[in-house]
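Trainee: Take this structure first; my questions come after.
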Amino acid sequence: MRNFKAFGHAIISLFIISLSARCHGQVELDTAPMEKAERDALFSTIQGFVGNWWNGSDLYPDPCGWTPIQGVSCDLFDGFWYVTVLNIGPIHENSLRCAKNLEFRPHLFELKHLKSLSLFKCFKSQRRHQVTIPNANWENLAGSLESLEFRSNTGLVGKIPSSFGVLKKLQSLVLLENSLTGEIPPDIGNLNKLKRLVLAENNFSGHIPDIFSALGDMLILDLSRNSLSGSLPLTLGCLTSLLKLDVSNNHLEGNLLKEFAYLKNLTLLDLGDNRFSGGLTLSIQEMYSLEEMVLSKNAIGGDIRTLKWENLHNLVSLDLSNMRLKGEIPESILELKRLRFLGLSDNNLTGNLSPKLSTLPCLNALYVSGNNLAGELKFSMEFYGKMGTRFGAWNNPNLCYPLEVLPTSHVPFGVKPCQQEIKLVESNTSAGNVNKTFHSIASSGFMSHDPNHFCWTFPLIMLLFLNSYIGL
């Protein structure tokens with residue numbers, strides 16, 4: 001009996017201890033481990049972008065608890081939750097959506113552990129409710145911010161704040177597809193940890209500042225689709241870790257840089273649709289990691305045979321269209337075994353189009369239209385069948401295809417059929433043996449499908465043939 005009572009007391013004691021632990025744990029759970037100042041700053045920041053209707057009342061037990069805010073991430077510092085990531089905009093279905101009338105509130109700069117800030121499709125109107133990026137208080141985030149992105153905000157106007165230059169820990173600065181204007185501030189050159197700088201699809205103007213000497217860790221530089229002018233800065237050669245360089249669709253001019261030779265790791269070079277000139281520089285053939293190179297729509301000029309193309313053995317895509325290049329297509333291009341796209345249209349290229357191009361194992365697009373290529377196309381039917389409309393050779397007046405070899409379905413667009421040569425040999429006459437050669441265009445001679453042409457052409461040929469043998 002005594003043993004039974006002792007056992008009962010033990011069970012009751014364990015139950016009380018368990019209940020106490022659960023209650024104590026519930027108290028800890030219900031007590032939000034986020035400082036009030038941090039919580040208030042976060043809520044005010046979000047309300048500035050999405051509207052005052054949002055109050056976080058459905059969050060439990062705090063913004064970083066069981067029901068976190070989509071786009072908000074936190075980390076623990078000294079036992080408290082602090083916001084480290086803030087993404088506003090329709091990235092996911094349940095993401096925070098921006099209001100029409102929104103603002104940058106100063107509370108944003110009180111999030112002292114913020115590492116990443118992204119605003120996507122928030123500022124939409126280009127006429128009403130335009131917003132500029134504040135220039136003040138960025139120094140408050142200098143010790144933490146690593147990534148800053150504004151994407152697809154057509155109502156985001158004004159200049160890049162020069163105060164961005166204080167963000168010493170920044171590794172990624174992306175200002176893509178906005179309506180920003182003005183010049184690129186030289187203060188960006190202070191961001192020596194920067195790995196990605198994307199300023200594409202805005203309205204930036206002026207010269208590209210010569211600020212890259214201290215940015216040796218940069219991997220991606222994209223300044224495309226703006227209104228930038230002047231020449232390329234020489235310090236681009238200092239970006240020895242660079243993987244992608246895109247300055248296409250601007251108004252840049254001058255010669256291609258000799259300093260390109262230092263960009264040994266570059267895989268993409270896009271200088272297309274600018275005003276560069278001065279010929280192909282030999283430094284290009286030193287960038288042997290290149291996989292994609294676009295130099296099209298520049299009046300660069302010069303001979304295409306200037307470069308040792310075989311050095312660029314990693315090339316997958318090569319676009320040299322509309323560059324005023326001259327000379328014959330070099331045989332060294334046949335060494336580019338990984339090449340898939342070759343664009344040589346709208347130049348002044350001459351000579352024959354080598355059928356060996358069809359031996360490139362990966363080639364699936366070849367464009368040579370708008371040149372002065374000549375002679376007969378000697379590609380196989382299999383080549384034309386494989387390429388289809390991805391083979392373009394029109395606007396080469398002296399280029400033709402062999403009519404008797406190709407079926408109608410494989411005839412290259414805009415290329416004329418070759419002339420058909422007919423030789424008639426006369427027998428001995430008083431004038432001696434005379435060989436007469438007559439030429440007829442296959443499309444309008446005895447090979448024609450036009451019955452009217454056939455009716456007068458064939459009797460004429462037979463008459464000449466009989467004349468050579470029976471002296472009619």
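Trainee: So what's the gap between the Cα centers of region 150-210 and region 346-392, to the nearest angstrom?
Mentor: So the two Cα centres are separated by 42 Å.
Trainee: Under 14 Å from a point placed 7 Å out from the Cα of residue 159 along the Cα-to-Cβ direction: which residues of region 183-204 have their backbone N that close?
Mentor: Residues 183-188, 204 fall inside that zone.
Trainee: Go through 101-107, 266-272 and give me the packing order, highest mean Cβ count within 10 Å leading.
Mentor: 266-272, 101-107
Trainee: Over what distance in Å are the Cα centres of region 283-297 and region 58-80 separated?
Mentor: Cα centroid of region 283-297 versus Cα centroid of region 58-80: 47 Å apart.
Trainee: Related question: Return the FRET efficiency for the residue pair residue 137, residue 253: r is the Cβ-Cβ distance, R0 is 30 Å, and the value is rounded to the nearest 0.05.
Mentor: Given R0 = 30 Å and the Cβ-Cβ separation, E is 0.20.
Trainee: Apply the Karplus curve 6.51 cos²θ - 1.76 cosθ + 1.60, θ = phi - 60°, to the phi angles in region 393-399 and return the couplings in whole Hz, x for Gly and Pro.
Mentor: Once θ is set to phi - 60°, the couplings for region 393-399 become 9, 5, 6, 10, x, 9, 9 Hz.
Trainee: Which value, in debye to the nearest 20, describes the size of the charge dipole of region 254-419 about its Cα centre when Lys and Arg Cβ atoms bear +1, Asp and Glu Cβ atoms bear -1, and nothing else is charged?
Mentor: 60
Trainee: Out of the total accessible area of region 254-419 (probe 1.4 Å, heavy atoms of protein only), what percent is carbon and sulfur?
Mentor: 48
Trainee: Magnitude of the Cβ-charge dipole of region 79-234, K/R +1 and D/E -1, about the Cα centre, nearest 20 debye?
Mentor: 440
Trainee: Around residue 302, with a cut-off of 11 angstrom between Cβ atoms, what is the net charge of the other residues, counting Lys and Arg +1 and Asp and Glu -1?
Mentor: +2
Trainee: Rg and Dmax of region 254-419, Cα atoms, in Å?
Mentor: Final numbers for Rg and Dmax: 16.0, 52 Å.
Trainee: Then there's this: Write down the accessible area per residue of region 254-419 in Å², having rolled a 1.4 Å probe over the full set of protein chains.
Mentor: Value returned for region 254-419: 45 Å² of accessible area per residue.
The values are calculated or read from the model by the stated rules, or taken from the named source; none is laboratory data. The structure presented is a predicted model; accordingly, all values stated were derived computationally and were not measured. Cβ coordinates were reconstructed from backbone atoms using ideal geometry, including for glycine residues, and neighbour counts include every protein chain displayed. These accessible areas exclude ligands, DNA and RNA; they are computed on the full protein's heavy atoms, side chains included. Shrake-Rupley method; radii C 1.70, N 1.55, O 1.52, S 1.80 Å.
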